[in-house]
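In what follows, a structure is listed as C-alpha cells, so that the remarks can point back to it.
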Amino acid sequence: MIDFKEKLVDLFIEKYDQFERDEIMEIIETPPQEDMGDLALPCFKFAREFRKAPNLIAEEISANLPDNEYFQEIKNMGPYVNFFVNKELIASSVIKNVYAKGEKYGSSTLGEGKNVIVEFSSPNIAKPFSIAHIRTTVIGHALRNIYKFLGFNTIAINHLGDYGTQFGKLIVAFKTWGDKEVVEKDPIPELLKLYVKFHDVAEEKPELEDEAREWFKKLEEGDEEAYQLWEWFREVSLKEFNRIYEMMGIDFDSYAGESFYSDKMDAVIELLEEKGLLEDSEGAKIVDLEEFNMPPALITKSDGSTLYITRDLAAAIYRKETYDFYKNIYVVGSQQILHFQQMFKVLELAGFDWAQDCIHIPFGMVSMEDGTMSTRRGRVVFLEDVLNKAIEKTREIIAEKNPDLPDKEKVAREVGIGAILFQELSHSRIKDYLFSWDTALSFEGETGPYVQYTHARANSVLERANIRTCADIFALDGGEAPADLDAALENNVDFGLLVEDEAYQVIKQIYAFPDTVIKAMKRNEPFLVTRNIIELAQAFNKFYHEYPILVDDPEIRKARLLLVLSAKNVIKIGLNLLGIEAPEKM
RNA sequence: GCCCCUGUAGCUCAGUGGAUAGAGCACUGGUCUCCGGAACCAGGUGCGCAGGUUCAAUUCCUGCCAGGGGCACCA
C-alpha cells in the first residue's frame, strides 16, 4: 500500500536536501479539518533555517514542490503546507491491498520469532467470575489477538488464583457448614456463600482465622484431606470458568496458576539470598527498596510462609526459562501497580536483564452505581448474568425486528456478548469504570451491535447481488470471472468513481487500519482498534445512506461494490481482533 | 503523611506542543415510493484552579483543589 506520508517526505527532501528524512517525518501532522487536506507540514521549525516568517516559507515550499501523482493539490494555508492526497490513487491502493491480503489485511510479520506472554483473566478459585474480571479478560484477550495478528508467537496464561490463605478459610467454612451435594449443584455461588459466612462469623469468633491459617499450612505441607478439598474446589470452579470462557470464545495456552509455583519458591528465596538481597525484618524476609522510593518487598512472612510476590517472582523466572519471552505482559488492575514495580525491581536487582521486558498493563477499577463490589460481603455482579442479560435483550430485539432470521440463538449470543465486550474495549484502559446496566445494554450509537449491524448490512447488499468474493464483482451481468484478478483490479476498475467525500472517508479509515493495529500493540491499547472500526462503520453508513450501490451503471456499481466488500472485510477483521464475532445477518 | 492514576459538553468518553477542541448517549426536530431505521441528517457560551517553560500549552513542568487507588506478613 502506498505510504503517502513517506511520499510527502520524498518530495520535500528532493527539493530541500539539507533536512533529514526522520525530522520531517516527525513533524508532519494531520490537519484539524477535512477541507484543509490530509497531511500538513508546519513550517514554524524552518523559520531559523530560512530566516523568514513561517507563512512565507510555507508559501515558498508549496510553490516549489512539483506536481506529482500522489497529491492532487499542495497549497499553503498560513504557516502550513497542506497536502491533499490523490483520492483515486488511494482508493485504488487500498482496495487492491485489501483484496491481496484478504483476512490478513493489517497483519504483519514484525513479531516473527518472538514469544510474547500475555497473562490475563486469572480469576480466583471458588470465587465468582464477576464483572470485576471482565476487563482483564477482555483486554488481555484482545491484546493477545493483536500480537498474534502482528506475527508474534503468543502464550496466553491464566494465572489462576488457586493458592493462598483464603483456601484455609474455605476449608474451615466447608468443613463446618458445607454440604458436598449442594456445592456440586451450583459450585461457585455456594462456595461464595460459605466464604461470606466465614467472614461474618469470624467477626464474632476471631479464632476461626487461626484455624484457617492452620489449614492453609496443612495444605502447603501436603495434608491429604486439605489437598483433596483444594483439588475439588479447583475442579468445580474451573468447570464454571470454562463455561464463561467458552461463551466469550476465549482459550488459554496455560492454566499454570499460583499453586503451580508452590514448589518453585524455595529456589527463588535461595537465589535472593545468594545475591545478598534479603534482609531480616521483624522475623520476615524482605528486599529493601528504599533507595528506589518504594516500600520493602516482603518475600516471606514471619512464620516462613510465602507471599504473592514470591510466587510471581518464581513465575517470571519460570516463564523466562520455559518460553524465553520477548515480552512478558501482565494484564492486571491498577491497584497492583506498586506490586509489579517492586517485583520488576527485585528481578532487576537479582541481575535479570530481562526484567525490563516484563510489562504491567494496568486498567482502572470497576464499580457499581450503588457502590463498590465486595466478594466478602457477597456484593457481586456475575459476569455470566451480564452476558445472559445482553443475550436476552438481543433475542427480544431480533424477535421484534428480524423474526425470520436463521440461527437466531447463535446470532443473539454473538451480538449480546459482542455488545458487552465492545463496551469494555471502547475506552482507555486506565480510566475507572462505572458498570451500568443501561450502558451495557445499549445497542445504539458507538456500540458493538452498531458495528456488527453495519457489517451485516454491507453483507446484505453483497448477497443481494450474489457476491461472495471479489471475483464475483467482475462477473456480474452474466460475465465470466477474470482469470487474473490482479490485472482486472489494475486495468478494469475506474477508481475515479470513488472520490466522493463519503466514499473517500471510508477509504481513509480502511487505509488507517494497519497502522492502528500496530499502534494498539505498541501502546497495549486495544481500544484504538475499536475507535478505528467505529469510525469505519460510521463512514460506511454515511456512504451507504448517500449512494445507492446496486445501480444500473456497471462501472459505478463495480467500484461501489468493491468498496462495500473491502469495508465489510475490514470491519470483520477488526471485530475479530477484539474477540467479537461478525455475523452475516442479524 | 508519602507515592501513583484520573479530572475535557448534562452523562459516557476521544483528541493534539501549534490552524475554528471532537464523537456517542440523552433531549428536540427532520429523512423514509430506494440496497436492512440496531441507520442517516440538523441543533453546542466544555479542556478542575493558579503559576511557569515556549514564537505557540487543553497537551510539557511546578503548586493547589477534587475523585480513585496503593503504602509489611491478603492477592
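The values are calculated or read from the model by the stated rules, or taken from the named source; none is laboratory data. Note that the coordinates shown come from a computational prediction; the quantities given were computed from them, not determined experimentally. Cβ sites come from the backbone with ideal geometry, for glycine too, and all protein chains shown count toward neighbours. Calculation scope for accessible area: heavy atoms of the full protein, side chains included, ligands and nucleic acids excluded. Shrake-Rupley method; radii C 1.70, N 1.55, O 1.52, S 1.80 Å.
Before moving on, here are some points about what is shown:
- Residue match in the stretch A:423-433 (condition: near RNA strand B (Cβ under 10 Å from one of its atoms) and in contact with a Ser or Thr (Cβ under 6 Å, 6 or more places away or on another chain)): yes
- Scanning the stretch A:47-57 for residues that are within 16 Å of A:PHE19 (Cβ to Cβ) and either without any contact (Cβ under 8 Å) to a residue 12 or more places away in the chain or within 9 Å of RNA strand B (Cβ to nearest atom) (or both) gives A:ALA47, A:ARG48, A:PHE50, A:ARG51, A:LYS52, A:PRO54.
- Qualifying residue in the stretch A:512-524 (condition: more than 10 Å from RNA strand B (Cβ to nearest atom), closer than 30 Å to A:ARG144 by Cα and in contact with a strand residue (DSSP E or B) (Cβ under 6 Å, 6 or more places away or on another chain)): yes
- The stretch A:290-333, residues that are among the hydroxyl-bearing types (Ser, Thr, Tyr), surrounded by 22 or more Cβ atoms within 10 Å (Cβ to Cβ) and near RNA strand B (Cβ under 9 Å from one of its atoms): A:THR306, A:THR310
- Close Cβ contacts (under 8 Å, 6 or more residues apart or on different chains) running from residues in the stretch A:295-313 that are closer than 21 Å to A:LEU347 by Cβ to residues that are of a type in the set (A, V, I, L, M) and open to solvent by 50 Å² or more (accessible area, probe 1.4 Å) comprise A:PRO295/A:LEU338; A:LEU307/A:LEU298; A:ILE309/A:LEU298.
- Criterion (more than 16 Å from RNA strand B (Cβ to nearest atom) and either in contact (Cβ under 8 Å) with a residue 60 or more places away in the chain or more than 30 Å from A:GLU581 (Cα to Cα) (or both)) met by exactly one of A:SER259, A:SER237, A:SER254: A:SER254
- Restricted to the stretch A:77-88, and to residues there that are farther than 13 Å from A:LYS508 by Cβ and of a type outside the set (S, T, N, Q), the residue that is farthest from RNA strand B (Cβ to nearest atom) is A:GLU88.
- In the stretch A:334-354, of all residues being among the aliphatic types (A, V, I, L, M) and open to solvent by less than 10 Å² (accessible area, probe 1.4 Å), the one that is nearest to RNA strand B (Cβ to nearest atom) corresponds to A:MET343.
- If the condition is being among the polar types (S, T, N, Q) and over 23 Å from A:GLY257 (Cα atoms), then the stretch A:160-181 contributes only A:THR176.
- Residues in the stretch A:270-289 that are in a helix (DSSP H, G or I) and open to solvent by less than 30 Å² (accessible area, probe 1.4 Å): A:LEU272 alone.
- A:LYS127 falls short on exactly one of the conditions (1) basic (Lys, Arg); (2) more than 16 Å from RNA strand B (Cβ to nearest atom); (3) over 23 Å from A:GLY574 (Cβ atoms), and that condition is (2).
Residue-by-condition table, conditions (1) among the charged types (D, E, K, R); (2) within 16 Å of RNA strand B (Cβ to nearest atom); (3) in a loop (DSSP other than H, G, I, E, B); (4) touching a residue at least 24 places away in the same chain (Cβ under 8 Å):
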{"site": "A:ALA100", "(1), (2), (3), (4)": "no, no, no, yes"}
{"site": "A:GLU112", "(1), (2), (3), (4)": "yes, no, yes, yes"}
{"site": "A:THR137", "(1), (2), (3), (4)": "no, yes, no, yes"}
{"site": "A:TYR147", "(1), (2), (3), (4)": "no, no, no, yes"}
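- Restricting the stretch A:409-443 to residues that are open to solvent by 50 Å² or more (accessible area, probe 1.4 Å) and modelled with pLDDT of 95 or more leaves a set whose member that is farthest from A:MET521 (Cα to Cα) is A:GLU409.
- Matching residues in the stretch A:150-204 - criterion: being open to solvent by 40 Å² or more (accessible area, probe 1.4 Å) and at pLDDT 95 or above: A:ASN153
- Within the stretch A:453-471, the set of residues being without any contact (Cβ under 8 Å) to a residue 24 or more places away in the chain and away from RNA strand B (no atom under 15 Å from the Cβ) comprises A:ARG468, A:THR469, A:ALA471.
- Summed over the stretch A:539-586, residues that are in contact (Cβ under 8 Å) with a residue 24 or more places away in the chain, away from RNA strand B (no atom under 11 Å from the Cβ), of a type in the set (D, E, K, R) and outside any helix (DSSP H, G or I) total 1.
- Criterion violated by A:HIS133 - all others in (1) within 19 Å of A:ILE359 (Cβ to Cβ); (2) part of a helix (DSSP H, G or I); (3) open to solvent by 10 Å² or more (accessible area, probe 1.4 Å); (4) not β-branched (Val, Ile, Thr) satisfied: (1)
- The set of residues in the stretch A:494-538 that are assigned to a loop (DSSP other than H, G, I, E, B) and either more than 20 Å from A:LYS558 (Cα to Cα) or open to solvent by less than 10 Å² (accessible area, probe 1.4 Å) (or both) comprises A:ASN524, A:GLU525, A:PRO526.
- Taken as a whole, the stretch A:440-452 holds no residue that is away from RNA strand B (no atom under 11 Å from the Cβ) and of a type in the set (Ser, Thr, Tyr).
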